[in-house]
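Shown next, in structure tokens, is the structure this report addresses.
Every number here is computed from the coordinates shown, using simple stated rules; none is lab data. Because the structure is a prediction, the values reported are computed rather than measured. Ideal geometry is used to build each Cβ from the backbone, glycine not excepted, and the neighbour counts take in all protein chains shown.
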Amino acid sequence: MTRIVAERQALLAGIPVQERELAPAGIPTSVLEGGAGPSLVLLHGPGGSAAHWLRVLPALTARHHVVAPDLPGQGESGTGDGELDDARVLRWLAELIEQTCTAAPALVGYALGGAIGARFAAAHPDAVGRLVLVDALGLAPFAPAPAFGAALEAFLAAPDHATHDGLWRHCAHDLDALRDRMTWTPFAAYNVDRAQTPSVQAALAALMEQFGLPAVPDAELARIAVPTTLIWGRHDRATPLAVAEAVRDRRGWPLHVIDGAADDPPIECPEAFLAALELALAAPRRVTELRGRLPGAVLEPHDAGFAAATDVWNGLAVRRPALVVQPAGAEDVAQALAHARAQGLPVTVRGRGHNIAGAALAGGGLTLDMARLCTVQVDAVARTATVGAGCALADVDRATQRHGLATPLGFVSGVGVAGLTLGGGLGYLSRRFGWAVDNLLSVELVTADGQVRRASRETDADLFWGVRGAGAHLGVVTSLTFRLHPVGPQVYGGLVAWPFARAREVLDAYRDLTWHAPRELTVFLIMLRAPAAPFVPAAIQGERVCAMAVCHSGPAAARAAALAPLRALGPPVFDLLGERPYVELQSYLDDTEPRGNQYFWRTEYAEELRDDLLDTLRELFATCPIPHAQVGALHLGGAIGDRAADDGAVGNRNARYAVAANGMWEPGEDVDLEWIRDAGRRLRPFGTGGSYVNFQTADEGAERRATAYGANLDRLRALKRRVDPDGMFRPLA
């Protein structure tokens, strides 16, 4: 027996597998095989062998029929006659599966084996039942961390025990602990011997050139039709976790992160890897079981209806979940949460998908699409409305306006009521009646433990306190009951605009108008390029203008005095102010934010419009390089400030304005996001220090999230620890 054969046998001692020789595609192949049950094919990484799986093989063979080949030219496998190109390698794997498996196996590929597995699943969809990619190469061009790259080059140039350990210092998160936990000496000796063998080196170079170094084209990944899961070491320096996260978001593949691992979870953290792998392998069966329990739809990416159920307003925030559940009621939500918990899936809720950050979707997660919960029940006598979590503003406004009633919601009719309200909620009526949550009487929601709860000021009051401003962090709301107020059905409002050349004068008038406005008057400032619309003179279309969006919901007799500062500006370039139905006014700005465009913005609350703030707003719009961008202010104050700062988690009751720089562009346009970020930095000094959670973008981190709640944050954190101890829902700061 040669020394190297003895090293390999030492690695495999006591592992319940047999080693046999096959020749798929004419390639002499050493295969480890053992166990009984569903077939599992394991493909190892670069410079390794089937023995690489030694720490997980005993557990896997107890439940599966395991097939673990040495890749072509690696370990004890040869290359046979002919070039080792991608077509031959894929044919090798196809014939290997035919010769060893009686049904389509689950294919588990680590690193280089992952790249081969992904290419194979795309080319042979019927030959694989499930795909699991473990710290896989090929999902992005190979670009390891510099220190990892240097250690890899050193080992390949002069493979010995010193350079091998030097490389593994970067492959493993804690090499010293790993060496103590496994049969390291024969493992290292076998790796070094193989790396010193010219034929192995040549085969590795060919495999890396074909599979490991380039990225698999996205169109090829899109052809992978089998359920696919990613398992990744958090500290991977060869293919960083960010690569897996990007693929997860783009393809909807669930991602399980192994905290204690770098680039080799099966070796470093075998128990955690096995747990993640079993979740991946169980997922199809558990989805089938979930379908059997729910009357509502359960959708996977290949199902009809999935695209509509994952459509979101902001085209910049598109992510693909692994699963969509469309609950028919709170009990369905509880079942879906139990499934997500069992599978380790992040949970998101889609009301109407209008959140700027795309919070309705999590790549590889479970999305609760509330579309089936779209009912509005109005009690005109009690002046309440109970609203399903799938309703849009337009649904509620139409139902309540039949009785001449309304509650303060937003100002774009397609926005979801639940998401808007649970973050606080502001609109044209907020100055009269407060935040949307100030008019919330009760909610039905499902918490992380699957309990269906009813929360109000009288029942589960602490939870109701948190829901009013931070509901998305605490549970899944299925219905909301609002207090209604007499409004309309006719109000006065619309759009009016002046040339941007008069911006200083218009902005001064806006400050005077809004500072002294009665609560029945709300006026938003919008600096934008005039649209190519029939109501805009041809000479003005495409030019910068200062516009105001007006809503006066009070008595007609008080209108003239309230709007006097506006009328004092003289003739506008267009004037669409007039009496109109409240429902119409609520949709007046819809066309300024088309669904599917891409949006990115920065906002701040402000207590006043100082001269230097108005100058900054004007300068920002004057220099804005984004054609469809808007710069402006929302008019707040009034009833918002009537309540105590801790009346609901929402806080921010000192805000009299929200100022913003809003970027908008069509998909495919080249836009400088840094201009918007810089605009945010310029607006920040004028802010209150608070922020509106519904306006926070996906790139704003924990520190920014904290500003949404201010002094209420500590109480909110304690509440979240109580009702969502494992962090199933959106994270707090």
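Computed values, structure above
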{"read-out": "Charge tally in the Cβ shell below 9 Å around Arg529, where Lys, Arg are +1 and Asp, Glu are -1, Arg529 excluded", "value": "0"}
{"read-out": "Computed lengthening from Ala225 to Val381, 0.36 nm per intervening residue step minus Cα-Cα distance", "value": "50.7 nm"}
{"read-out": "Principal axis box of the range 1-129, alpha-carbon based, largest edge first, Å", "value": "37, 34, 24"}
{"read-out": "Ratio of the Cα radius of gyration of the range 491-713 to 2.2 N^0.38 Å, where N counts its residues", "value": "1.01"}
{"read-out": "Rg followed by Dmax, in Å, when the range 295-371 is reduced to its Cα trace", "value": "11.3, 33"}
{"read-out": "DSSP beta bridge pairing in the chain, given as percent antiparallel to the nearest 5", "value": "75 percent"}
{"read-out": "Spacing of the two label points (7 Å from each Cα toward its C-beta) at Ser587 and Gln451, in nm", "value": "4.2 nm"}
{"read-out": "Amide proton proximity set for Val491, modelled H, under 5 Å, gap of 5+", "value": "Arg580, Tyr582"}
{"read-out": "Separation between Cα centres of the range 653-669 and the range 404-458, rounded to whole Å", "value": "22 Å"}
{"read-out": "Extension reserve of the Ala23-Asp699 stretch, reckoned as 0.36 nm per residue once the Cα distance is removed", "value": "238.2 nm"}
{"read-out": "Spin-label pair Arg643/Ala275, simplified geometry with 7 Å Cα→Cβ offset, distance in nm", "value": "4.0 nm"}
{"read-out": "Vicinal HN-Hα couplings computed from phi for the range 204-218 (Karplus, 6.51 cos²θ - 1.76 cosθ + 1.60; Hz; Gly/Pro x)", "value": "4, 4, 5, 5, 5, 4, 7, 10, x, 7, x, 7, 5, x, 4"}
{"read-out": "Whole-percent pair-distance distribution, where bins are 10 Å wide, for the alpha carbons of the chain", "value": "3, 14, 21, 20, 15, 12, 9, 5, 1, 0, 0"}
{"read-out": "Extension reserve of the Asp670-Glu505 stretch, reckoned as 0.36 nm per residue once the Cα distance is removed", "value": "56.1 nm"}
{"read-out": "222 nm mean residue ellipticity, helices alone, for the chain (DSSP H n ≥ 4; -39,500 (n - 2.57); rounded to 500)", "value": "-10000 deg cm²/dmol"}
{"read-out": "Under Karplus coefficients 6.51, -1.76 and 1.60, residue-wise ³J(HN,Hα) of the range 285-292 in Hz, glycine/proline x", "value": "5, 5, 5, 4, 5, 5, 4, x"}
{"read-out": "Paramagnetic label zone (point 7 Å from Cα along Cα-to-C-beta, Asp303; backbone N under 19 Å) in the range 314-340", "value": "319-340"}
{"read-out": "Pairwise Cα inverse-distance average, inverted: Kirkwood Rh of the range 190-235 (Å)", "value": "13.6 Å"}
{"read-out": "Other-chain or far-sequence residues with amide H under 5 Å of Ser77's (modelled H)", "value": "Ser30"}
{"read-out": "Net charge, Ser553 excluded, C-beta distance under 15 Å - Lys, Arg +1, Asp, Glu -1", "value": "+1"}
{"read-out": "Order by protection proxy (mean Cβ within 10 Å, highest first), peptides 157-169, 471-483", "value": "471-483, 157-169"}
{"read-out": "Span per principal axis, largest first, for the Cα atoms of the range 268-414 (Å)", "value": "64, 34, 28"}
{"read-out": "Per-residue ³J(HN,Hα) for the range 547-554, Karplus 6.51 cos²θ - 1.76 cosθ + 1.60, θ = phi - 60°, Hz, x for Gly and Pro", "value": "10, 10, 9, 10, 9, 10, 9, x"}
{"read-out": "Protection proxy ranking, peptides 141-148, 554-561, average beta carbon neighbours within 10 Å, highest first", "value": "141-148, 554-561"}
{"read-out": "Distance between modelled label sites at Arg722 and Ala557, nm, 7 Å Cα→Cβ extension", "value": "5.0 nm"}
{"read-out": "For the range 373-486, radius of gyration divided by Kirkwood radius, i.e. Rg to Rh on alpha-carbons", "value": "0.94"}
{"read-out": "Estimated FRET transfer efficiency when R0 is 51 angstrom, pair Ala568-Asp218 (beta carbons, to 0.05)", "value": "0.35"}
{"read-out": "Most to least packed among 459-468, 261-270 [average Cβ atoms within 10 Å]", "value": "261-270, 459-468"}
{"read-out": "Whole-angstrom gap from the range 162-217 to the range 579-600, using each part's C-alpha centre", "value": "58 Å"}
{"read-out": "Per residue, the convex hull volume that the Cα atoms of the range 3-282 enclose (Å³)", "value": "111 Å³"}
{"read-out": "Ranking of Asp395, Asp236, Asp670 by count of other Cβ atoms within 10 Å, fewest first", "value": "Asp670, Asp395, Asp236"}
